[in-house]
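To start, the structure under review is shown below, and the notes come after it.
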Amino acid sequence: MTVEAPIKIGEPVLRWSARAHSIAEIESELARIWSGQDLTATIDGEPGRHIPARTSVMNLVVVARRPELAERCAATMQLLTGRHPSRTIVINSADPDGPSWFNARVEAHCIVPREDAPETCAETIHVTCGGEAGLHLAAIATPLIVHDLPVTVWWPGEPPLMTRSARDLLDGADRLIVDGSSWTGDGLARLREMARLVETSDLAVSDFALARQSRWREAIASIFDDQDFLPYLRSLRRIAVTYSTHDETGAPGSTNLVKPVYHVGWLASRLGLSVHKPLAPVTGHGHGHGHGAARAARSVMSRGVAATLSDGRGEVAVVVRPVASQTPAGTTLRVELLAERRGSELRADVTAEAETVHVRVWQDGVEAMERHFRAPRRTEVELLAEAIESGRRDPVAVGALRSAAAIIGPAGSGA
Amino acid sequence: MAVTRQPKRAATPKVKDPAPLVAPPDQPIPAQPAPRPKDAPKTMKELRLARAGKRASRAKPATNVLRDGLRLARIPDPSILVLFGATGDLAHRKVLPALYHLWRTDLLPHEFRVLAIGRRPFDDETFRADVKASLEKFSRLLPLDTAAWRSFQERITYQHLDFEDPAGFDSLATRLETIDQEHGTRGNRLFYLATQPSQFADLVGQLGRVGLDHERLESGWRRIVIEKPFGHDLDSAKRLNREVGKVFRESQVYRIDHYLGKETVRNLLVFRFGNGIFEPLWNRRYVDHVQITVAESIGIENRGAFYEQTGASRDVLQNHLLQLVCLIAMEPPATFEANALRDEKVKVLRAISSDPLDPATDAVRGQYGPGWVAATQVPGYRKEAEVDPASETETFVAARLTIDDWRWSGVPFYVRTGKRLPKRATEIAIQYREVPHRLFKEEGIAPDANLLAIRIQPDEGIMLRFGAKVPGLQLDVRAVTMDFTYGSAFNVDSPDAYETLILDALQGDASLFTRADEVEEAWGIVDPIISAWADSPPPDFPNYDAGTWGPEAADDLPVRDGRRWRRF
């Protein structure tokens with residue numbers, strides 16, 4: 001049915017809403033939206049003209065396993081202002097062991113992006129289902145997808161990537177959007193699974209955890225824009241990434257490591273580094289060189305995990321270590337690089353300070369460069385907008401993921 | 001006593017029994033040795049590898065592989081933007097809002113400073129207040145972001161400078177060095193000339209005199225942005241290029257034609273060279289003719305004095321229109337690199353000028369009289385402020401261009417631009433040929449030839465017209481359109497052209513800027529028309545009413561060839 005709502009420039013308004021209890025009913029409601037005469041508006045002074053659907057661009061399937069997650073996703077999508085996909089299907093499946101049931105709400109949200117722009121609409125289908133019906137995600141999404149348009153699956157929370165249900169859904173998708181930094185534990189097992197998915201399919205992957213660090217990558221890359229420092233790039237000998245933990249021991253597995261490991265994965269993939277020894281917990285004494293009680297107190301904190309990479313000429317030591325901090329757990333706090341070339345040494349220290357990334361470089365012990373990069377924390381809305389408008393596979397993301405998985409090592413290895 | 005270090009010289013190798021320059025009379029003259037191939041082995045190692053079937057690998061120039069594939073726009077190096085003419089209209093309407101937006105979206109380096117140069121006796125605070133007022137008027141996103149503005153304004157300083165006072169430039173050089181030391185801008189400077197064109201040469205000369213052009217080792221880069229018009233005619237353009245060239249190398253010079261920074265103009269390149277289906281149809285075999293219209297409904301907007309000196313030919317034809325012709329007609333460049341792109345554009349301009357325009361038959365000028373535009377009565381050009389009541393300046397120009405190359409031979413390009421036309425519209429129309437054999441010949445059902453229209457403003461988009469059968473038992477064919485509108489596909493705001501171009505200049509990417517030879521070639525096309533018109537005053541000015549599509553003679557340009565202008 002038509003919803004009377006005043007038009008506000010730049011804000012999507014609900015123009016159509018209907019209920020359905022089957023896929024067939026949803027299809028029929030969708031047809032009514034666009035073929036009926038109900039959804040009309042005065043455009044260019046011409047009354048009763050049909051509102052066009054958005055010209056392009058894609059289907060978005062959101063798999064939200066919990067109602068609160070579905071609500072959060074819906075709220076995020078509302079804020080996409082003007083970047084809505086043509087059709088969004090939000091699937092919220094619950095109670096897999098109960099009886100099968102299926103409910104849906106079909107909506108059309110319309111937006112006038114600017115005073116002088118035409119109003120366009122996008123459809124949202126909220127599906128809530130339970131029992132066996134909710135286990136077959138592909139059976140719900142596939143018939144509702146606008147064919148010939150790309151399909152992006154946004155899977156907040158913990159996507160069970162290796163399950164049959166997920167594989168079936170992702171077989172028909174072009175892109176998967178996840179947030180690796182929200183995964184439980186250290187998140188590395190799921191990162192490995194995602195790498196395997198990318199290796200065995202054409203799926204493009206957008207991970208908010210990787211996207212959030214784009215300004216870090218820019219800052220690190222900027223060091224080697226300097227022609228004096230560029231030759232050191234191929235002579236890295238050490239990569240150290242420090243991340244925040246809320247766990248007082250910082251023990252491996254207690255904090256999500258996806259973001260810090262992505263840093264190493266990105267550097268390794270760009271520099272063509274191979275894995276000599278995958279990540280494993282650093283054994284031995286904790287930090288500090290004191291004695292007695294002071295040393296015992298300091299050595300409680302884990303020394304993190306370490307790996308050894310190789311550039312064909314020498315080894316590159318990698319250490320990913322925790323530091324107790326108030327910042328969200330798993331956040332990268334510092335990336336240190338050490339490169340040695342013909343008896344000369346280059347040290348780079350990249351740190352986060354509030355909303356700034358600070359780069360300092362020393363050449364043979366002399367400070368040679370200092371720069372700041374503004375890096376405000378990107379919201380989920382911004383990340384989602386970027387992800388759904390991405391084209392094909394991003395080679396940087398694929399490379400970083402592939403290398404990160406290699407650095408983590410096979411299942412059952414140390415990390 | 002100063003000791004000058006002599007450069008090391010390589011020791012001259014001793015040569016055993018050098019071959020005699022002249023052969024002894026009893027011996028045959030040795031054959032001239034064959035010229036050495038460029039890739040012939042030069043060292044023993046190369047020779048050994050060559051014999052073993054291998055080639056010594058040449059050291060590739062190192063590149064920063066960490067840059068590869070980064071999706072974010074690269075943050076430019078720490079730098080100072082030195083804005084000459086900072087109190088002027090252009091600076092306040094375009095340059096400063098663009099800088100603010102770049103700053104707001106985190107695209108400028110933290111170590112960035114704007115040194116605003118002007119003649120007015122402002123201090124930093126009054127100038128910043130002035131900038132804020134302008135942003136509140138001209139920013140494309142309002143209200144202003146308070147936090148972004150606060151941090152941006154801290155980076156703006158004002159320096160009073162009389163351009164005719166050489167000492168002022170000495171103190172400018174000192175001030176820039178101080179800013180470098182205090183704010184870590186590392187000697188990188190972008191000089192932006194947003195002044196009267198007549199001041200360009202003097203400003204450049206002064207910058208050279210105090211050494212601000214020099215890119216010394218480890219002293220940072222120096223670039224200069226020059227706003228159009230680049231000269232008043234071919235001679236003055238050459239003169240300006242020569243003066244600029246005395247101080248700056250061409251690679252340091254960024255000539256802005258803001259049209260090239262517009263999102264839809266940039267999309268022309270993507271449309272042509274990023275899609276496989278159009279390029280095979282982009283030639284004389286399929287295209288009947290091309291029309292480019294840059295129509296403005298506004299008048300001269302209090303710029304009477306400026307417009308009297310320029311007119312439509314200099315203001316739009318010589319730059320915007322010819323740039324659009326270049327982008328439509330150019331061959332695919334080998335790379336998307338600045339010089340590759342500009343080389344191809346220059347070839348188009350040369351191909352146009354190889355058959356010079358006949359001002360009497362290939363070009364039409366016009367000047368608007370009073371009339372009605374958008375339901376408002378407007379005065380004629382000669383009644384505008386700062387305009388000579390007997391002005392002979394043209395406010396409309398139309399031309400028929402031919403491009404004498406393999407691709408476009410025989411395909412006319414009709415271009416037109418004017419003030420006080422019925423509506424604002426910039427569009428490129430590719431009119432395809434009729435089908436070779438008319439299957440549907442009957443009166444009323446013969447379909448129109450296909451048309452591809454690329455709208456640049458307003459409603460940026462692309463429209464393809466083709467024939468379709470009208471549903472029913474009868475065979476009726478009607479023209480229908482497939483219409484792509486940017487606004488409905490990408491509902492996000494595009495950056496302003498100045499944002500794109502300033503960021504490019506800070507990053508050292510000259511792809512969207514005009515090269516010296518390009519400017520001169522474009523003047524070479526327009527100059528004969530302007531000269532001929534200067535020699536023969538227009539007998540019928542004003543010759544079109546405001547709110548109409550220009551003088552009747554303009555309609556005749558395509559009509560003589562059996563074609564007509566597109567109706568908007």
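Assorted remarks:
- Odd one out for B:GLY69, checked against (1) under 29 Å from the mean Cα position of the chain (by Cα); (2) assigned to a helix (DSSP H, G or I); (3) over 20 Å from B:ALA505 (Cβ atoms): (2)
- Matching residues in the range A:362-393 - criterion: being polar (S, T, N, Q) and open to solvent by less than 50 Å² (accessible area, probe 1.4 Å): A:SER390
- Flag if B:ARG140 is farther than 30 Å from A:ARG360 by Cβ, in contact (Cβ under 8 Å) with a residue 60 or more places away in the chain and open to solvent by 30 Å² or more (accessible area, probe 1.4 Å): yes
- Considering residues of the range A:95-126 that are out of contact with any Leu (no Cβ under 8 Å at 6 or more places or on another chain) and among the charged types (D, E, K, R) only, the residue surrounded by the most Cβ atoms within 10 Å (Cβ to Cβ): A:GLU119
- Residues that are in a strand (DSSP E or B) and over 21 Å from the mean Cα position of the chain (by Cα) are absent from the range A:390-412.
- Of the helices (runs of 4 or more DSSP H) entirely within the range B:270-353, those holding at least 1 residues that are more than 23 Å from B:GLY461 (Cβ to Cβ) and more than 18 Å from the chain's Cα centre (by Cα) occupy B:304-312, B:338-353.
- In the range A:287-323, residue farthest from A:SER274 (Cα to Cα) [restricted to those that are at pLDDT 90 or above, open to solvent by 30 Å² or more (accessible area, probe 1.4 Å) and of a type outside the set (D, E, K, R)]: A:VAL323
- Extreme residue, nearest to B:ALA446 (Cα to Cα), among residues of the range B:458-517 that are away from chain A (no Cβ under 14 Å) and polar (S, T, N, Q): B:GLN474
- When the helices (runs of 4 or more DSSP H) confined to the range A:147-264 are screened for residues that are open to solvent by less than 10 Å² (accessible area, probe 1.4 Å) and either basic (Lys, Arg) or touching a residue at least 60 places away in the same chain (Cβ under 8 Å) (or both), those reaching at least 3 such residues are found at A:188-199, A:214-223.
- Residue in the range B:97-119 that is modelled with pLDDT of 90 or more, touching a Gly at 6+ places or on another chain (Cβ under 8 Å), part of a helix (DSSP H, G or I) and more than 12 Å from every other protein chain (Cβ to nearest Cβ) present: no
- Selected residue (criterion: farthest from B:PHE541 (Cα to Cα)) from residues of the range B:339-381 that are touching a helix residue (DSSP H, G or I) at 6+ places or on another chain (Cβ under 9 Å) and at pLDDT below 90: B:SER353
- Pairs where the first residue, in the range B:534-562, is farther than 18 Å from B:LEU421 by Cα and the second is among the acidic types (Asp, Glu) and surrounded by fewer than 19 Cβ atoms within 10 Å (Cβ to Cβ), C-beta under 6 Å, 6+ apart: B:PRO537/B:GLU392; B:PRO538/B:GLU392
- Residue within the range A:168-182 that is basic (Lys, Arg) and either more than 14 Å from chain B (Cβ to nearest Cβ) or farther than 30 Å from A:THR88 by Cβ (or both) present: yes
- Filter result for B:ASP180 (crowded, with 16+ Cβ neighbours inside 10 Å and outside any loop (DSSP other than H, G, I, E, B)): yes
- Test: residue in the range B:231-252 that is closer than 26 Å to B:PRO495 by Cβ and in contact with a helix residue (DSSP H, G or I) (Cβ under 8 Å, 6 or more places away or on another chain): no
- Residue among B:ALA133, B:ALA147, B:ALA167 that is open to solvent by 20 Å² or more (accessible area, probe 1.4 Å) and within 14 Å of chain A (Cβ to nearest Cβ): B:ALA147
- The condition of being in contact with a Gly (Cβ under 6 Å, 6 or more places away or on another chain), crowded, with 16+ Cβ neighbours inside 10 Å, within 14 Å of another protein chain (Cβ to nearest Cβ) and in contact (Cβ under 8 Å) with a residue 24 or more places away in the chain holds for only one of A:VAL396, A:VAL359, A:VAL350, A:VAL335, that being A:VAL396.
- Checked against the criterion of being in contact with a strand residue (DSSP E or B) (Cβ under 9 Å, 6 or more places away or on another chain), in a strand (DSSP E or B) and either among the basic types (Lys, Arg) or crowded, with 21+ Cβ neighbours inside 10 Å (or both), the candidates B:PHE127, B:PHE152, B:PHE191 yield just one match: B:PHE191.
- Residue within the range B:418-438 that is assigned to a strand (DSSP E or B), touching a Gly at 6+ places or on another chain (Cβ under 8 Å) and aromatic (Phe, Trp, Tyr) present: no
- Residues that are more than 14 Å from chain B (Cβ to nearest Cβ), free of Cβ contacts under 8 Å to residues at least 60 places away in the same chain, of a type in the set (S, T, N, Q) and not in a loop (DSSP other than H, G, I, E, B) are absent from the range A:71-83 altogether.
- Set B:ASP555, B:ASP527, B:ASP561: member being open to solvent by 20 Å² or more (accessible area, probe 1.4 Å), assigned to a helix (DSSP H, G or I), within 19 Å of B:ILE292 (Cα to Cα) and of a type outside the set (S, T, N, Q): B:ASP555
The values are calculated or read from the model by the stated rules, or taken from the named source; none is laboratory data. As the structure is a prediction and not an experimental result, all values here were calculated from the model. Glycine also receives a Cβ, built like all others from the backbone with ideal geometry; neighbour counts cover every protein chain displayed. Just the protein is used for accessible areas: all its heavy atoms, side chains included, with ligands, DNA and RNA removed. Shrake-Rupley method; radii C 1.70, N 1.55, O 1.52, S 1.80 Å.
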